[in-house]
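Chemist: Quick one: structure below, then a few questions.
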Amino acid sequence: MVAFKHTIEAKMDELADLERLQTQILHRIAKLELSILPSSNNSPNKDLPTTTEARLSAVLIDAGVKDFSFKRVPSDYYDWSFEARRDVLGAASIHHLCKSIVLVNTQAPSNITDCSDRQNSKYYVVVVQYTARFSAENVKNFLYSLNNGKIPKKRFNLRLAPEDISHKLTGFEHNGVTCVGMKTDIPVILDEAIVKLNPDFFWLGGGDIDLKLGIRTSEFINFAKPFIVNCSS
C-alpha cells in the first residue's frame, strides 16, 4: 500500500513537471510572436495589445528565469477555501499560496517621495503567505537596522498603500499585484517563511486578478533581489 502511494505521488510529480515544461514552451512561443511584431511607428499593428501572461513571461525569460508557470483561475477564486485554491493551482500546500502587497511609509521625511533609495524607500512590495499574519512592526525594525539606526525609528510606519496608489505604481489591480513587470522599480521584501518552504516553488499574483504565477523560490530571489525578512507570524 505504501509503495502504491509513493508510485502515485511520483506520477503526480512527473505530471506537474511536464505541465511546467509545456507552459514554458508556450511562453517562449508567445515571446517569439511578440518579437516579430512590427515595431515601426508607422505600423498599423503598433498598438496591438498583448496578454499579461505573454508580457510577464517575456520579462522572466529575458532575466534568465526558467522554472515558472502561469495558471488562470475561475472568477470566484477568492471565495474559495485555501485548500480549494491549492488544488486548482497544484500547489504543494496552502502555505505555498502567497500574495504581494504594496506598503507606504507614512512617516517618511518629506524628501523621500519615491523608490530610488532601496534602504529608505517611500514604498515597498512585501510578499507574504496567505496563511501568515503580516507584521509591519518587524519590517519597521528591519528598516531601522538596515539604516544602521541613523534614521529615527519613528520615521518608519509601514501601512497598506491605497489601491489607487498601488495600481499607479505597479500597473496591476488588487489581487493581481505581482513583482514582475511593475511600472515602478519598487524594492521587494520577501518573508523569510517563504524561503523555508519545501518544496521551494510558491504561487503569487500573476498580473491579472484571475492569473497566478508559480515560481521557483531561488529564481524569484535572483530575479527580484528582495530583502529577506522575518515579517510574519
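Chemist: Taking segment 172-199 on its own, how many of its residues are within 15 Å of residue 103 (Cα to Cα) and not hydroxyl-bearing (Ser, Thr, Tyr)?
Modeler: 14
Chemist: Another question, then. Could you count how many residues in segment 109-120 are open to solvent by 40 Å² or more (accessible area, probe 1.4 Å) and outside any helix (DSSP H, G or I)?
Modeler: Of the residues in segment 109-120, 6 are open to solvent by 40 Å² or more (accessible area, probe 1.4 Å) and outside any helix (DSSP H, G or I).
Chemist: Name, by its number, the condition in (1) over 24 Å from residue 221 (Cβ atoms); (2) in contact with an Asp or Glu (Cβ under 9 Å, 6 or more places away or on another chain); (3) at pLDDT below 95 that does not hold for residue 74.
Modeler: Condition not satisfied by residue 74: (3).
Chemist: Here's something else I'd like to know. Test each condition in (1) open to solvent by less than 50 Å² (accessible area, probe 1.4 Å); (2) without any contact (Cβ under 8 Å) to a residue 40 or more places away in the chain for residue 207 and report the one that comes out false.
Modeler: That leaves (2) as the condition not met.
Chemist: On the given criteria, is residue 117 free of Cβ contacts under 8 Å to residues at least 40 places away in the same chain, among the acidic types (Asp, Glu) and over 24 Å from residue 196 (Cα atoms)?
Modeler: Answer is yes for this residue.
Chemist: Restricting to segment 155-184, count the residues that are open to solvent by 60 Å² or more (accessible area, probe 1.4 Å) and either under 29 Å from residue 68 (Cα atoms) or at pLDDT below 95 (or both).
Modeler: So the count comes out to 8.
Chemist: Could I ask something else about it? Of everything in segment 121-152 that's surrounded by fewer than 17 Cβ atoms within 10 Å (Cβ to Cβ) and in contact with a Leu (Cβ under 6 Å, 6 or more places away or on another chain), which residue is farthest from residue 203 (Cα to Cα)?
Modeler: Among residues in segment 121-152 that are surrounded by fewer than 17 Cβ atoms within 10 Å (Cβ to Cβ) and in contact with a Leu (Cβ under 6 Å, 6 or more places away or on another chain), the one farthest from residue 203 (Cα to Cα) is 136.
Chemist: Can you tell me how many residues in segment 185-204 are touching a strand residue (DSSP E or B) at 6+ places or on another chain (Cβ under 8 Å) and open to solvent by less than 40 Å² (accessible area, probe 1.4 Å)?
Modeler: Final tally of qualifying residues: 12.
Chemist: Now, a different point. Name the residues in segment 87-108 that are farther than 18 Å from residue 139 by Cβ and either assigned to a loop (DSSP other than H, G, I, E, B) or open to solvent by less than 70 Å² (accessible area, probe 1.4 Å) (or both), would you?
Modeler: Selection gives 88, 89, 90, 91, 92, 93, 94, 96, 97.
The values are calculated or read from the model by the stated rules, or taken from the named source; none is laboratory data. Given the structure is predicted, the values throughout are model-derived calculations rather than measurements. Note: ideal-geometry Cβ built from the backbone for every residue, glycine included; neighbour counts use all protein chains shown. The accessibility values were calculated without ligands, DNA or RNA, using every heavy atom of the protein model including side chains. Shrake-Rupley method; radii C 1.70, N 1.55, O 1.52, S 1.80 Å.
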